[in-house]
Amino acid sequence: MNMVRTIADLRAAVSRARGEGKRIGFVPTMGNLHAGHIALVKKASQRADFVVASIFVNPLQFGPNEDLASYPRTLTADQDKLFEAGCHLLFAPSVEEMYPHGQAMQTIVRVPGVSEGLCGGSRPGHFDGVSTVVNKLFNMVLPDLAVFGQKDFQQLAVIRTMVRDLNMPVQIVGEPIVRAEDGLALSSRNGYLSANERTIAPALYRTLGQLAETISNGNRDYPALVTQGQQTLQAAGLRPDYLEIRNAVDLQPADAETRELVILAAAFVGKTRLIDNLLVTSNPASL
C-alpha cells in the first residue's frame, strides 16, 4: 500500500490504476480506524480492483465547541490496518492541501431536506462540512463506487442525495453497522468513554431494540414510543440528544402507513456523544 499527501500524487496514482482497466473503490474516513472502518475497506475490495482510502480530520464539519483538537489521530496504526485489509492507496492530506484558500473562502455544498433535524439540528453546519469535503474527495479520486457505514445513517442519506442531485457517476454502497459483543456500535468516539461509561453505553442499542420489537408487534403510537425510549435512556444513565422514528427512505417523520422505518438516536454518556440507529419493517397485517 502506498500513501500520498497531495492531490496531484493521488490523481496520478488513481490514473495509473484506471489506465490498467481497474475499477476504483473509495472509503473516506477521519482515521482512528476500528473494525467498522475495516469492514468498509473489505466491502470496497470485494466490489473494486483498486481501493483508495482517505484519512482527513475535516475541520469544516466540527462546530466551535466540538472535539476537533482532541479528535484521535493514529496515522501509523491506521496504515497498518489498511494494509492488512487490502487497501491499495492511502490519501492523507493536510488541511492546507484540502483548503488552500482557507475555510472561510471555501465553496460550500449544502444538501437540503435530509441534512436538517436529527444530527443536523444538534450540530448546525455539520452536514454542510461533510457534503463539501466528500464532494471534493469524489472530484479528486473520481471513484466508481464509495462505501459508507450505516451507523451514520443521516450522513449516508445526505451523500446519496447529493450524488443523485448533482448527477455524480459514483455508486454509493452502505455497509451495516459493526457492533461490539454487547451491541454498542463501534465508533472512534467510544475511546473517550471511561470504564464505567462503557458499561452504560450499550443501553442505547438495547433501547432501540426494545422500540423495534414493540413496533414489530403492532404499536404505531410513535410519539408515545419516543417518550418511552427517552425515559428508558435516562433511567439507564444516558442523556438523550434526540430519539426519533423516521421513514427509512427519505427520513421524513414516520406515520402509520410507513413500512420501512428507522429509529435514530443520539445520546450523551458523560461528555461523549454517541449515535445509533436500527432499521425495522412494519407488519402490514397489524395495521
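We did not get these values from a lab; they are worked out from the coordinates using the rules stated. Treat the numbers as computed from the prediction; the structure is a model and nothing was measured. Cβ sites come from the backbone with ideal geometry, for glycine too, and all protein chains shown count toward neighbours.
Does the range 2-175 come out rounded, prolate or oblate, given a ≥ b ≥ c as the square roots of the eigenvalues of its C-alpha gyration tensor, rounded meaning a/c under 1.5 and, failing that, prolate meaning a/b above b/c? Verdict is rounded for the range 2-175. For the chain, the longest principal axis of the Cα atoms and the long axis of helix 7-19 meet at an angle of about 90 degrees. The dipole here belongs to the range 228-287: it is taken about the Cα centre, uses +1 on the Cβ of Lys and Arg and -1 on the Cβ of Asp and Glu, and is about 340 debye. Counting only alpha carbon atoms, the long axis of helix 35-47 and the longest principal axis of the chain meet at about 60°.
In the chain, Cα pairs under 8 Å separated by at least six residues give a relative contact order of 17 percent.
From least to most packed, judged by other beta carbons within 10 angstrom and beginning with the fewest, His88, His37, His101 follow the order His101, His88, His37. With a cut-off of 19 Å, note down the residues of the range 200-225 whose backbone N falls inside the zone around a label point 7 Å from the Cα of Asp255 toward its beta carbon. Taking a point 7 Å out along Cα→Cβ of Asp255, the residues of the range 200-225 whose backbone N falls under 19 Å are 219-225. For Lys22, the aspartates and glutamates whose Cα comes closer than 19 Å to its Cα, not counting residues fewer than 8 places off in the same chain, are Asp9, Asp49, Asp144. Summarising the strand pairing of the chain, around 50 percent of its internal DSSP beta bridges are antiparallel. Structural descriptor for the range 206-287: relative contact order 31 percent, calculated from alpha carbon pairs under 8 angstrom and at least 6 residues apart. Taking a ≥ b ≥ c as the square roots of the eigenvalues of the alpha-carbon gyration tensor, the range 179-287 is classed prolate because a/c is 1.5 or more and a/b outweighs b/c. Here's the picture: charge each Lys and Arg Cβ at +1 and each Asp and Glu Cβ at -1 in the chain, and of Ile245, Thr232, Ser194 the one pushed furthest to the positive end of that dipole is Ser194. Note on the range 17-133: dipole from Cβ charges, positive end direction compared against Val111, Ala69, Asn58; the farthest Cα belongs to Val111. Take every Cα pair under 8 Å whose residues are at least 6 apart in sequence, average their separation, divide by the length of the range 110-267, and the relative contact order is 18 percent. Magnitude of the charge dipole for the chain, about its Cα centre and with charges confined to Cβ atoms of Lys, Arg (+1) and Asp, Glu (-1), is about 440 debye. Taking the Cα centre of the range 165-287 as origin and assigning +1 to Lys and Arg Cβ atoms and -1 to Asp and Glu Cβ atoms, the resulting dipole is close to 440 debye.
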